[in-house]
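In what follows, a structure is listed as structure tokens, so that the remarks can point back to it.
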Number of protein chains: 2
Amino acid sequence: MDAQQTFFEALKGRTDPEEKREAITRSFYRDVFGDLVKETGARYLLQGTNYTDIEETLAGIKRQHNILEQLGIDPEEVYGYKVVEPLIQLRKSSIRRVGKALGLPEEIHNRPPFPGPALAARVIGETTPERVQTVRSATKIVEEELSDSGAFQYLAILHEDRVVGIRNGKRDFGLQIEVRCWESKDAKVGSPTRLPYDVLDRLAERITTEVPGVVSVTYNITKKPPSTIEAV
Amino acid sequence: MDAQQTFFEALKGRTDPEEKREAITRSFYRDVFGDLVKETGARYLLQGTNYTDIEETLAGIKRQHNILEQLGIDPEEVYGYKVVEPLIQLRKSSIRRVGKALGLPEEIHNRPPFPGPALAARVIGETTPERVQTVRSATKIVEEELSDSGAFQYLAILHEDRVVGIRNGKRDFGLQIEVRCWESKDAKVGSPTRLPYDVLDRLAERITTEVPGVVSVTYNITKKPPSTIEAV
């Protein structure tokens with residue numbers, strides 16, 4: 001389904017991270033899946049909510065888009081269908097073992113996590129189609145360069161702050177991309193991967209050359225906690 | 001002279017980097033030095049403007065606070081005193097050689113550069129006393145940890161963007177500090193220093209522990225160009 005317009009309309013003008021997450025949850029369950037349910041007569045939505053999602057949402061750290069009943073939302077009453085969550089008692093490392101035991105291929109059971117709110121969680125400030133395109137281009141480069149790193153997760157974040165750069169000897173008040181690459185087992189705690197500087201050089205070189213408007217690239221050096229895996 | 005109040009009043013509500021730099025220039029030459037000149041009857045201000053300052057200001061990259069005549073400002077007419085600039089034809093590396101030849105001690109002729117607009121150039125967004133205090137605490141840690149690195153320059157930048165962190169299991173929507181450490185001879189071009197990861201770990205650990213409100217630390221990995229040494 002191409003649901004871009006629904007999401008971008010819901011996100012328009014919103015800059016608060018939790019408001020953005022709430023707008024995505026509502027669009028996802030009510031508008032996008034709601035319409036599909038009506039069309040198809042489906043009665044269940046099967047999803048991979050895990051224990052860390054519940055824990056972080058209830059602790060008020062980040063509202064994960066897939067948390068409903070624990071926040072007092074009855075999906076059948078509000079959206080018209082039931083939600084089935086078979087993995088709800090497991091953390092990421094156990095889910096990988098279940099996937100492997102079920103015979104799923106390596107690239108499925110061992111793939112890097114990707115946020116529920118997708119690239120909207122990787123844009124600080126307002127999420128516009130243009131800004132998502134910027135972070136998508138940077139993400140593609142990060143995934144190409146780091147897929148062999150063996151890291152738990154790697155991502156690009158588009159900052160809202162602008163910084164001064166130089167292009168062809170002239171001022172370019174441009175964008176900054178932050179790269180994060182994590183060592184972790186279950187996303188509950190994590191450390192930045194000690195990537196070789198040649199790799200960091202190549203990331204900065206490619207992102208500032210291939211992604212229009214970007215003049216600065218940083219690398220996260222903070223552990224979780226006190227950081228979190230995603231920035232917002 | 002304690003001129004904090006003059007500068008903070010001039011900076012209040014300003015977020016555009018060039019407007020901030022212009023406000024600092026005006027406060028510096030007109031208000032702070034202007035008063036001093038009237039009190040003392042001084043006729044000259046001796047300052048260390050160098051060739052890169054002129055070049056970057058005229059190219060429109062960053063307005064350096066010490067550029068006056070090249071922007072059509074006659075200091076005698078506008079501020080009431082003449083400005084003497086004996087180093088104006090030299091870049092940083094030559095200035096260091098002059099300093100050494102004159103017999104100045106190593107810690108003077110070889111000290112890391114520090115921006116004219118001081119820590120105001122290290123705060124993205126509005127420069128308030130509280131935000132300067134945050135970046136000052138981070139700067140102190142960066143200087144303590146990197147003074148033995150042999151790098152050309154090292155600095156901390158306070159971002160305006162906020163990111164999600166965790167403290168004691170609870171959400172902390174906090175601040176981000178960016179650390180930059182440069183290899184350069186004259187600040188015209190530069191590369192990030194390849195600091196050992198143990199040093200980056202210690203920087204992140206100390207800054208997120210000792211500086212109130214900071215939950216995230218990044219390290220710049222972009223060369224100049226397309227980056228610049230300072231962020232704004």
Review point. Taking amide hydrogens as modeled 1.01 Å from N in the peptide plane, which residues meet the under 5 Å criterion relative to A:Ser216, leaving out close sequence neighbours?
Key: A:Leu175, A:Ile177
Exercise for review: Enter the angle in degrees (range 0 to 90, nearest 10) between the Cα long axis of helix B:197-210 and the first principal axis of the Cα atoms of chain B, meaning the one along which they spread out most.
Suggested key: 90 degrees
Check your understanding: Which distances, shortest first and in nm, link B:Val32 to the matching position in the other copies, using label points set 7 Å out along Cα to C-beta?
Key -> 5.2
Study note, to complete from the structure: Surpassing 26 Å at the alpha-carbon level, of the pairs B:Lys92/B:Lys224; A:Lys170/B:Lys82; A:Lys223/B:Lys185; A:Lys140/B:Lys140, are A:Lys170/B:Lys82; A:Lys223/B:Lys185; A:Lys140/B:Lys140
Revision key, fill the gap. Along segment B:212-224, Karplus-curve 3J(HN,Hα) (6.51, -1.76, 1.60; θ = phi - 60°) to the nearest Hz, with x for Gly and Pro, reads x, x, 8, 10, 8, 10, 10, 10, 5, 10, 9, 6, 9
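Calculate the mean, over all residues of peptide A:197-210, of how many other protein chain Cβ atoms lie within 10 angstrom of the residue's Cβ. Walk me through the numbers before you get to the answer.
Details: counts 7, 1, 1, 6, 6, 1, 2, 8, 4, 0, 2, 5, 1, 0.
Mean partner shielding for this stretch: 3.
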Practice item. Distances from B:Glu9 to the same position in the other copies: list them in nm, one decimal, shortest first, using label points 7 Å from Cα along Cα→Cβ. Key: 5.2
Point to revise | ³J(HN,Hα), Karplus 6.51/-1.76/1.60, whole Hz, each residue of segment A:182-187, x for Gly, Pro | key: 10, 9, 6, 9, 9, 6
**Study point:** Cut-off 13 Å between beta-carbons: net charge of the residues surrounding B:Glu22, Lys and Arg +1, Asp and Glu -1
**Key:** +4
Practice item. Report, to the nearest 10°, how far helix A:92-101 tilts away from the longest principal axis of the Cα atoms in chain A, using its own Cα long axis and a range of 0 to 90°. Key: 70 degrees
Study note, to complete from the structure: Computed over chain A, the Cα gyration tensor eigenvalues, each multiplied by 5 and square-rooted, give semi-axes in Å (largest first) of 32, 23, 16
Revision key, fill the gap. Bridge orientation stat for chain A from DSSP, antiparallel percent rounded to 5, came to 60 percent
Check your understanding: What residue of chain A sits with its beta carbon nearest the rotation axis taking A to B, and at what distance in whole Å?
Key -> A:Thr218, 2
**Study point:** DSSP beta bridge pairing in the protein assembly as shown, given as percent antiparallel to the nearest 5
**Key:** 65 percent
**Study point:** chain A, helix-only ellipticity at 222 nm - DSSP H runs n ≥ 4, -39,500 (n - 2.57), divided by all residues, nearest 500
**Key:** -10500 deg cm²/dmol
Study note, to complete from the structure: So, in nm and shortest first, the distances from A:Gly150 to its counterparts in the other copies, with label points 7 Å along Cα→Cβ, work out as 3.0
**Study point:** Per-residue mean of C-beta atoms belonging to partner chains within 10 Å, peptide A:165-178
**Key:** 5
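Placing +1 at every Lys and Arg Cβ and -1 at every Asp and Glu Cβ, with all other atoms neutral, what dipole size does the protein assembly as shown have around its Cα centre, in debye to the nearest 20? The partial results should precede the final answer.
Numbers: 66 positive and 72 negative charges, 136 e Å.
The calculated dipole for the protein assembly as shown is roughly 660 debye.
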Exercise for review: Give a residue-ordered list of calculated ³J(HN,Hα) values for segment A:122-131 (Karplus: 6.51 cos²θ - 1.76 cosθ + 1.60, θ = phi - 60°; whole Hz; x for Gly, Pro).
Suggested key: 10, 10, 7, x, 5, 9, 10, x, 5, 6
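Computed from the coordinates by the stated procedures, all read-outs in this text should not be read as laboratory data. Remember, it's a predicted structure, so these values are computed and weren't measured experimentally. Note that we place each Cβ from the backbone using ideal geometry, even for glycine, and neighbour counts take in every protein chain shown.
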